[in-house]
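K.L.:
Pasting a structure here, questions to come.
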Amino acid sequence: MFRLRLIVATVGLLACAAVAPAANVPVVPGLNAIAIPFVPSLNYNATNIFSTPYEGEIIYRWNAPVGAWLIFTYSEDVSGWVSDSLPINPTFSVGEGIYYQALVAQTFVANFDLVPEIAELPIPPPLLPNRYYFKGSPTGEGATYEDIFGGAPINETALFRFIPGGANINPTGPDYRVYHFKDQVWTPETPVLDPLEPVFVVYPYLSLKYTLTADRKTISFTWPTRGKLEQATLPGGPWELVATDANTYSITPSVQSNGARYYRVKE
């Protein structure tokens, strides 16, 4: 059952302090990809940003080092967020991407307190290879890759934009439009993000490369370390995992080989 709420706004004055401008974060029923916007405040926790949640609404937070989601559910019983049945109020980073699963449409007005006027946008940390990052513009405005990450993309970077209405939020899932950057060019086009839109980014993108020995008898494959090599006797599979050491594999085909063999790499 939905709750009727009374919202009381209080205005105060503090020496050497300023009222942070409101950050409006609209959501629609279902999954909403949101980049946490910059506001001159130190209070970037879930209670302040999503100040009027409903019972059962969910926040999905990406844990980049582990490559998995942290899940927080709003509970009326504790008047706050819980994770693994324990009360917790996660604090986000400016520009961090999250998913908010909403039950109804509304616009959150982030509840930031009075804070010192001095506040600057954070400097993006360097990206590590084979790690998925989920980030958006720290200003909350439309943005390019350079606006988000503070510099040009590295060669063979992939960028994933969530398709609104999708249900699979994992970066390797089907509900993303994918852009590839190679030799200073984005394909199929240069991505320009909407306000508050976060994206997944990883480099190098998943690809299977090969080289031939000088006598052209042996083929050596290499691929990003997060990938797994698979083989099949038909182009459409069925596919089976190939046992490999790290991310390299070599074969020496011969006329005695029993038919063609196809290879691919996937996560």
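K.L.:
Looking for something surrounded by fewer than 13 Cβ atoms within 10 Å (Cβ to Cβ) and either in a loop (DSSP other than H, G, I, E, B) or in the same structural domain as residue 67 (by TED's automatic domain parsing) (or both) - is there at least one such residue anywhere in the range 222-230?
P.N.:
Yes, because at least one residue in the range 222-230 is surrounded by fewer than 13 Cβ atoms within 10 Å (Cβ to Cβ) and either in a loop (DSSP other than H, G, I, E, B) or in the same structural domain as residue 67 (by TED's automatic domain parsing) (or both).
K.L.:
Residues being in contact (Cβ under 8 Å) with a residue 40 or more places away in the chain and farther than 22 Å from residue 23 by Cα: count how many of those fall in the range 126-144.
P.N.:
Looking only at that region, the number is 6.
K.L.:
Of the numbered conditions (1) in contact with an Asp or Glu (Cβ under 9 Å, 6 or more places away or on another chain); (2) among the basic types (Lys, Arg); (3) farther than 26 Å from residue 247 by Cβ, residue 177 satisfies every one except a single condition; which is it?
P.N.:
(1)
K.L.:
Taking residue 163, is it at pLDDT below 95 and under 18 Å from residue 97 (Cα atoms)?
P.N.:
No: the conditions fail for residue 163.
K.L.:
Residues of the range 77-109 being more than 26 Å from residue 64 (Cα to Cα), in contact (Cβ under 8 Å) with a residue 40 or more places away in the chain and in a loop (DSSP other than H, G, I, E, B), which ones?
P.N.:
Matches in the range 77-109: 103, 104, 105.
K.L.:
Next up: Just one of 181, 149, 160 is of a type in the set (Phe, Trp, Tyr) and in contact with a Ser or Thr (Cβ under 6 Å, 6 or more places away or on another chain); which is it?
P.N.:
Matching residue, one of 181, 149, 160: 181.
K.L.:
For residue 61, which of the numbered conditions (1) closer than 30 Å to residue 129 by Cα; (2) in a loop (DSSP other than H, G, I, E, B); (3) modelled with pLDDT of 95 or more fails to hold?
P.N.:
(2)
K.L.:
Evaluate the following for residue 179: is it aromatic (Phe, Trp, Tyr), in a loop (DSSP other than H, G, I, E, B) and surrounded by 11 or more Cβ atoms within 10 Å (Cβ to Cβ)?
P.N.:
So residue 179 fails the test.
K.L.:
Could I ask something else about it? Within the range 207-221, which residues are over 27 Å from residue 157 (Cβ atoms) and charged (D, E, K, R)?
P.N.:
215, 216, 217
K.L.:
Further, regarding this structure: Restricting attention to the range 192-213, which residues are touching a residue at least 40 places away in the same chain (Cβ under 8 Å) and aliphatic (A, V, I, L, M)?
P.N.:
Within the range 192-213, 192, 193, 196, 199, 201, 202, 206, 208 qualify.
K.L.:
Okay, next question. I need the full set of residues from the range 145-191 which are among the hydroxyl-bearing types (Ser, Thr, Tyr), without any contact (Cβ under 8 Å) to a residue 24 or more places away in the chain and within 21 Å of residue 64 (Cβ to Cβ), in order please.
P.N.:
Across the range 145-191, the qualifying residue is only 179.
K.L.:
At pLDDT below 95 and outside any loop (DSSP other than H, G, I, E, B): does that describe residue 118?
P.N.:
No; evaluated as a whole, the condition is false for this residue.
K.L.:
Here are some conditions: (1) in contact with a Phe, Trp or Tyr (Cβ under 8 Å, 6 or more places away or on another chain); (2) among the small types (Gly, Ala, Ser); (3) part of a loop (DSSP other than H, G, I, E, B). Residue 167 meets all but one. Which one does it not meet?
P.N.:
That leaves (1) as the condition not met.
The values are calculated or read from the model by the stated rules, or taken from the named source; none is laboratory data. Keep in mind that this is a model prediction, so the values were computed, not measured. Because the Cβ atoms are built from the backbone with ideal geometry, glycine has one as well, and the counts that use them run over all protein chains shown.
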